[in-house]
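> Please see the structure below; I have some questions.
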């Protein structure tokens, strides 16, 4: 009983988070920056921050994660980190030669009050930034929001610094995914490509953190949105943001800054959200839905229908990041599963709870933000005993103690592979998710069925 | 040699070629992809294994999230240390101070879990917003009648080493508090083993077989009550010298307990650790028991190693680890497997450590302090290493390059200390180096093609 320390009674806590269901902004910013080609994320703070974020992402992706740090010292925390970052910029370009350095702040540099706009202007004025190279920054204080906020801020910062409206429209659409896996980014591209839609996706971590083993260590893997592409986003005909909390800021900014109209959709998880995404692309680009996608949709729907008796009425508890939770809630509802709990350490605003209740009905328990942690989630699970828990690796303590199966989804996943390569988005992702659910449910049924009820054909 | 940042030139040398003393103990050069962590990380890893204490992280959520149960420090009893407690400071707290939140969190946690002691870790911004953590701890300690110890681990206040020091200072406050429980005259404290993969248990068992009482383990499988009486042990045996020598020195000054530095990795170092401790007590029974123990363990181990050695002879290894003491042991352990160390580096070595590394490695070996991945990957290529020994951030670099890897850091899955640890180490290295998966690596395939071409002409 690893979590023998979790009492069943839910008590009010005011000052304390136990076993967090979120982490801090900078790691999300680092992940977003990895999704830009030849971009080196830079952490403006103590070197521990950078080491922790790199470790977390490395454990999650099992791939090298490169980022640099301003290595704050006691002096920097008194006199500001300007000297550190100026030195860092010079060293970075001398040694690692990226095209872009994407600086994110930390709680330390935010509290000190480093003015990065001014510092980076100074660096440019003093010729510390080589010709053609770029240094941008995003403000990502750890004491506000969560890793999803950090991701969102960094993506918006790319738009802010690079996207331009040149007055000459390009017949392409912008796709801005929220914090999802490289496999999902690939799947979103696959949907767009199947429809023959010309697009730019920002960011794009596929082929970056799920790179192949080819006998070489690469500082800058093949994938990632290019600077040219980000520039051109200002001339696109439309933006489609997938996952409100993580992607809306960039899409809205493309609207206000470059006059590119945007649509904010849910993450395309499950059949309806995927339909909506496909439909949005169809409308925006004036294309029709190809046979190949109809086949993918049809196959997924076929399995939904075939196996509905096994998913119907299954009780589930969800914990994770808001955008993913909305998608998962939709997926579960479509398969007639009963969502009991939805918990997120990230506070996504009132729209979130409304959306979840639209999807799952009014009796679902939704808790987000302060004290919406794994400890609280465990108490819910103890009391209501779902058939399946969906969440990140840290749910394994809960699920082991309560003997409830866990389907891993979200960030971080430190103890399984798959998320890097196989999506949960799109029709194919829906099929994969459904397969996971069915395997889980049927394995349990096979394990627990009485001998006379033990079935060969299911 | 490979291109290196100007400021780092003196932190890398090639044995036999470069005569300067290696620079070390420097903060990482700003802008390098440092593999190093911060003061908080140092304190957290050292104190974390004290399983019946409360560990509360005072700061924004990240520092708690990233250190939640990431080290396999095992406990034979309570597991309170595997929970993650944070004050989760938000913007309001940064503006108005976090003291009230800290007080409320401590009171609530102590009431719920009744820990034997509490550690409160200060993170970066606590140092800036000026919370009086000392005062809050003192107040809670008075009210709840348990030691509540502030750990001054603001991330920016130095390197990981300074974090070790802050941790030692906190632990030291627990010592010297239990004058009555009887303690044998043949007794020691184990300092600097963190019971990763159960290693403390292996070492403890050796001492038990020698007839020596282990009063406390600081901090592997640690307990507050044991630390409270640790001042009455006759000797401190210090492993992982970087982290715990400071505590040993404090205990020497305060309680007059002498200390020995040892390493439990590899055959020589493990054996000399036990002999050193035995010779300290100089008791005929202990001496005999120690000889018997070492003889029986080593004679059981050697034939197994010979099998592995046959396949590993002549292969080359690169080492990049946290502490330099571990690096010494690894160089020696690899020799037992017939492997040469061609690159060796550490995050926290001292200049004497690097001098010693020069002595025990061959000419041409690259020795470096605080390496970054680009350097490491180039050194590995340049020297043709077949194996990298390192931690979580190094693993995928080795694997992408198509060379074998052994985790000698937090994520080790098998005990690597002691004689049986040496057997596990050999097995792990052997399994990775000789794995069939490398055959399919494009780099190896290309090499094979080259070799065949060479043979034809």
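> Which of A:18, B:218, B:286, A:89 has the fewest other C-beta atoms within 10 Å, and how do the rest follow up to the most?
B:286, A:18, A:89, B:218
> Still on this model: Under the rule a/c < 1.5 gives rounded, and otherwise a/b versus b/c splits prolate from oblate, where does segment A:173-294 land using the Cα gyration tensor?
Oblate, because a/c is 1.5 or more while a/b does not exceed b/c.
> Report, as an integer, the average count of C-beta atoms from other chains found within 10 Å of each Cβ along A:21-31.
Per-residue shielding by partner chains comes out at 3.
> To continue, here is another question. Helix-only mean residue ellipticity at 222 nm, chain B, DSSP H runs n ≥ 4 weighted -39,500 (n - 2.57), per residue, nearest 500. What is it?
For chain B, the value works out to -14500 deg cm²/dmol.
> Report the relative contact order of chain B, percent, no decimals, based on alpha-carbon pairs under 8 angstrom and at least 6 residues apart.
Relative contact order comes out at 17 percent.
> In percent, how large is the relative contact order of chain A, given Cα pairs closer than 8 Å and 6 or more residues apart?
Answer for chain A is 18 percent.
> Based solely on its DSSP helices, what 222 nm [θ] is calculated for chain A when runs of n ≥ 4 H residues each add -39,500 (n - 2.57) and the sum is averaged over all residues, nearest 500 deg cm²/dmol?
Theoretical 222 nm ellipticity from helices: -14500 deg cm²/dmol.
> Once each part is reduced to its C-alpha centroid, what is the distance from segment A:401-449 to segment B:20-76 in angstrom?
Answer, in whole Å: 32.
> Right, something else. For chain B, what proportion of DSSP beta bridges, expressed in % and rounded to the nearest 5, is antiparallel?
10 percent
> Ranked highest first by average number of other Cβ atoms within 10 Å, how do A:410-417, B:426-433 line up?
Most protected by this proxy first, the peptides run B:426-433, A:410-417.
> Could I ask something else about it? List the extent of the Cα atoms of chain B along each of their three principal axes, largest first, rounded to whole Å.
So the extents along the principal axes, rounded to whole Å, are 84, 61, 40.
> So if R0 is 60 Å, what FRET efficiency would residue B:180 and residue B:437 give, r being the distance between their Cβ atoms, rounded to the nearest 0.05?
In this case the efficiency is close to 0.55.
> Just to be sure I understand: if I project the alpha-carbon convex hull of segment B:187-295 onto a plane and average over all orientations, what area do I get in nm²?
6.2 nm²
> In what order do A:134, B:17 fall by count of nearby beta-carbon atoms within 10 Å, going from fewest to most?
B:17, A:134
> What is the helix-to-structure angle for A:116-125, meaning the angle in degrees between its Cα long axis and the longest Cα principal axis of chain A, kept from 0 to 90 and rounded to the nearest 10?
So the inclination is approximately 40 degrees.
> Take the Cα radius of gyration of segment B:345-457 and divide it by 2.2 N^0.38 Å, with N its residue count; two decimals is plenty.
Taking the Cα Rg and dividing by 2.2 N^0.38 Å, one obtains 1.22.
> With just the Cα atoms defining each centre, how far is segment A:2-23 from segment A:218-290? Give it in Å.
Here the answer is 37 Å between Cα centres.
> Right, another one. Can you work out the FRET efficiency for the pair residue B:255 and residue A:38, with r the C-beta to C-beta distance and R0 = 60 Å, to the nearest 0.05?
Here the calculated transfer efficiency is 0.55.
> What average count of beta carbons from other chains do you get within 10 Å of the Cβ of residues in B:77-89?
Per-residue shielding by partner chains comes out at 5.
> On a C-alpha basis, how far is the centre of segment A:139-203 from the centre of segment B:159-222 in Å? Whole number, if you could?
Computed from Cα coordinates, the inter-centre distance equals 52 Å.
> Within the protein assembly as shown, what percent of beta bridges assigned by DSSP are antiparallel, to the nearest 5?
Bridges in the protein assembly as shown are about 5 percent antiparallel.
> Please state, as a whole number in µm²/s, the translational diffusion coefficient that the Stokes-Einstein equation yields for chain A at 37 °C and 0.692 mPa s, with Rh defined as the Kirkwood radius across alpha carbon pairs.
Roughly 143 µm²/s, to the nearest whole number.
> Can you give the relative contact order of segment A:1-82 as a percent, counting alpha carbon pairs under 8 Å and 6+ residues apart?
Averaging sequence separation for qualifying contacts and normalising by length gives 25 percent for segment A:1-82.
Values in this text are rule-based calculations from the coordinates and carry no lab data. On a predicted model such as this, the values are computed, not experimentally measured, just so you know. Don't worry about glycine lacking a Cβ; one is built from the backbone with ideal geometry, like all the others, and counts go over all protein chains shown.
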